[in-house]
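Written below as structure tokens is the structure these notes are about.
The values are calculated or read from the model by the stated rules, or taken from the named source; none is laboratory data. Here the structure is a predicted model, which means the values were calculated and not measured. Here the Cβ is made from the backbone with ideal geometry for all residues, glycine too, and neighbour counts use every protein chain on show. What goes into the accessible areas is simple: the full protein's heavy atoms, side chains included, and nothing from ligands, DNA or RNA. Shrake-Rupley method; radii C 1.70, N 1.55, O 1.52, S 1.80 Å.
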Amino acid sequence: MKSAAIRVPLHRGEETRRKLKREGILREDLYPKREDNFLILPVTREVEGFELFEDEFRPKEERINTYKDVVEIPDEELKKLLPTSYDMIGDIALIKIPQELKKYREEIGKALLKAHKNIRAVYHAEPVSGELRTRKLEFLAGERKTRTLYREYGIEMEVDIAKVFFSPRLSRERYRIAKLVRDGEIVIDMFAGCAPFSLMIAKYANPKVVYAIDINKEAVKLAVENVKRNKLLHKIEIMEGDSSKIVQELAEKGVRADRIIMNLPFGAREFLPDALTVSKKGTYIHYYAIVRESDIENHIEYLKKVSNNCIDVVGINKIKTYAPREFYTCFDIIVNRKPA
Ligand code: SAM
């Protein structure tokens with residue numbers, strides 16, 4: 001970008017730059033540059049003692065606070081509907097665009113790319129659905145890539161957002177669980193996905209073994225890669241298949257878990273009796289469900305009933321909002337006697 005400029009001998013460069021800045025004469029939207037033994041400063045007007053000339057300068061990047069600052073939507077009312085939150089998984093952004101804004105989907109994608117220099121692809125994402133809990137995606141901007149490297153708490157994970165479930169919003173919850181695990185525990189991650197809970201536990205605790213089970217072939221492939229990548233093969237055993245069958249097989253082999261993770265909101269309740277077959281008195285179960293605040297007590301009653309009253313709920317953690325007054329909730333459960 002062109003600007004008026006002055007040429008200052010290098011030994012006076014910094015002092016002059018500061019003085020011009022104080023006086024509001026220095027152009028702060030452009031980078032000064034060096035030529036031989038001179039500093040070339042972009043200025044707004046003449047400076048006494050220096051010859052004024054015109055030169056080319058590199059503009060400083062515009063500081064963008066949010067993608068909303070740069071999105072090209074002419075209608076101010078519609079702009080108010082822009083989502084404030086979205087997920088960033090590695091170098092991919094996932095946003096849920098409301099129907100009313102669908103005609104501006106490209107502009108929204110481009111604005112997200114502009115606002116986040118580290119983002120290379122943007123997708124509109126529908127809520128997770130189906131047995132594999134994956135999302136329908138719509139490409140918005142950048143590269144058409146769905147696989148990315150995601151990092152949390154020093155763990156590196158390959159994630160393919162088109163093929164497996166993944167939520168960066170659970171990272172603190174994963175760490176919370178890992179910190180509860182005592183030395184030598186046998187842990188079963190019944191719905192492991194690409195293994196984020198298992199990896200966190202294997203990295204931040206010292207379990208005897210973590211059995212990471214998932215029915216999604218693609219998730220299992222990624223889990224294997226991720227366990228190798230983080231050098232945790234000696235602590236995690238990955239198993240592909242239906243966890244209700246696999247836990248029963250483990251139970252028949254005499255395995256009794258110290259801790260079970262059931263991260264399958266909307267579905268975990270059906271699997272609680274299976275989890276109990278591989279439990280003992282004192283087993284902890286971290287059971288995830290999406291529940292309305294007002295339904296929490298009913299849900300606890302339900303869990304007690306299906307487990308023949310052999311469990312107590314010892315903690316409730318609301319992890320993230322799912323809908324107004326509805327939360328992605330973890331019920332920390334303890335098995336209070338040997339299940340029948
Ligand atoms: N724990 C992972 C995480 O936090 O990213 C994944 C959780 S995701 C909500 C639920 C996972 O359960 C999916 O990866 C899905 O494939 C898997 N799943 C669904 N039904 C299953 C079953 N019967 N047996 C094993 N895995 C199952």
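Name the residues in the range 126-143 that are closer than 26 Å to Ile215 by Cβ and either away from the ligand (no atom under 16 Å from the Cβ) or not acidic (Asp, Glu) (or both), would you?
Scanning the range 126-143 gives Pro127, Val128, Ser129, Gly130, Leu132, Arg133, Thr134, Arg135, Lys136, Leu137, Glu138.
As an exercise: evaluate Phe50 against (1) over 30 Å from Ala111 (Cβ atoms); (2) open to solvent by 80 Å² or more (accessible area, probe 1.4 Å) and give the number of the one condition it does not meet.
(2)
Of all residues in the range 246-301, count the ones that are without any contact (Cβ under 8 Å) to a residue 40 or more places away in the chain and among the aromatic types (Phe, Trp, Tyr).
1
Within the range 61-94, how many residues turn out to be loosely packed, with under 12 Cβ neighbours inside 10 Å and over 15 Å from Leu112 (Cα atoms)?
Selection size over the range 61-94: 6.
Tell me which strands (runs of 3 or more DSSP E) are completely within the range 34-144 and hold 1 or more residues being in contact with a strand residue (DSSP E or B) (Cβ under 7 Å, 6 or more places away or on another chain), within 26 Å of Pro168 (Cα to Cα) and at pLDDT 95 or above, or say none if there are none.
Hits in the range 34-144: 87-89, 92-95, 121-125, 137-142.
Has the range 288-307 got at least one residue that is part of a loop (DSSP other than H, G, I, E, B) and in contact with a helix residue (DSSP H, G or I) (Cβ under 9 Å, 6 or more places away or on another chain)? Don't jump to the end; show me each part of the working.
First pass over the range 288-307, keeping only residues part of a loop (DSSP other than H, G, I, E, B): 307.
Cutting the leftovers down to in contact with a helix residue (DSSP H, G or I) (Cβ under 9 Å, 6 or more places away or on another chain) gives us 307.
Yes - at least one qualifying residue is present in the range 288-307.
Considering only the range 261-276, how many residues are crowded, with 17+ Cβ neighbours inside 10 Å and either away from the ligand (no atom under 12 Å from the Cβ) or not aliphatic (A, V, I, L, M) (or both)?
6
Being of a type in the set (Gly, Ala, Ser), over 20 Å from Val335 (Cβ atoms) and surrounded by fewer than 15 Cβ atoms within 10 Å (Cβ to Cβ), is that true of even one residue in the range 241-251?
yes
If you scan the range 280-290, which residues turn out to be open to solvent by less than 10 Å² (accessible area, probe 1.4 Å) and of a type in the set (Val, Ile, Thr)?
Correct list: Thr283, Ile285.
Which members of the range 1-47 meet the condition of being over 15 Å from Pro59 (Cβ atoms), open to solvent by 90 Å² or more (accessible area, probe 1.4 Å) and in contact with a Phe, Trp or Tyr (Cβ under 7 Å, 6 or more places away or on another chain)?
Residue satisfying the conditions is Arg7 alone.
On the given criteria, is Tyr123 within 16 Å of the ligand (Cβ to nearest atom) and in contact (Cβ under 8 Å) with a residue 24 or more places away in the chain?
no
Here's a check for you: in the range 169-188, which residue that is among the β-branched types (Val, Ile, Thr) and open to solvent by 10 Å² or more (accessible area, probe 1.4 Å) is farthest from Glu240 (Cα to Cα)? Can you show your working first?
Of the range 169-188, the ones among the β-branched types (Val, Ile, Thr) are 177, 181, 186-188.
Adding the requirement that they be open to solvent by 10 Å² or more (accessible area, probe 1.4 Å) leaves 181, 186.
Working: Val181: 24, Ile186: 18 Å.
The extreme case among them is Val181.
Output the number of the condition that Phe191 fails; it satisfies all remaining conditions of (1) in contact (Cβ under 8 Å) with a residue 60 or more places away in the chain; (2) surrounded by fewer than 20 Cβ atoms within 10 Å (Cβ to Cβ); (3) within 11 Å of the ligand (Cβ to nearest atom).
(2)
Would you say Asn317 is in a helix (DSSP H, G or I), at negative phi, of a type outside the set (Lys, Arg) and open to solvent by 30 Å² or more (accessible area, probe 1.4 Å)?
no
Of all residues being free of Cβ contacts under 8 Å to residues at least 24 places away in the same chain and over 14 Å from the mean Cα position of the chain (by Cα) in the range 140-168, which is most open to solvent (accessible area, probe 1.4 Å)? Just the residue, please. Walk me through it before giving the result.
Kept after step one, since they are free of Cβ contacts under 8 Å to residues at least 24 places away in the same chain, are these residues of the range 140-168: 143-144, 147.
The next check asks that each one be over 14 Å from the mean Cα position of the chain (by Cα); those that pass are 143-144.
Working: Glu143: 76, Arg144: 187 Å².
Restricting to residues being free of Cβ contacts under 8 Å to residues at least 24 places away in the same chain and over 14 Å from the mean Cα position of the chain (by Cα), the top hit is Arg144.
Search the range 214-240 for residues being open to solvent by less than 30 Å² (accessible area, probe 1.4 Å) and aliphatic (A, V, I, L, M), and hand back the single one that is nearest to the ligand (Cβ to nearest atom).
Per the criteria, the residue is Ala219.
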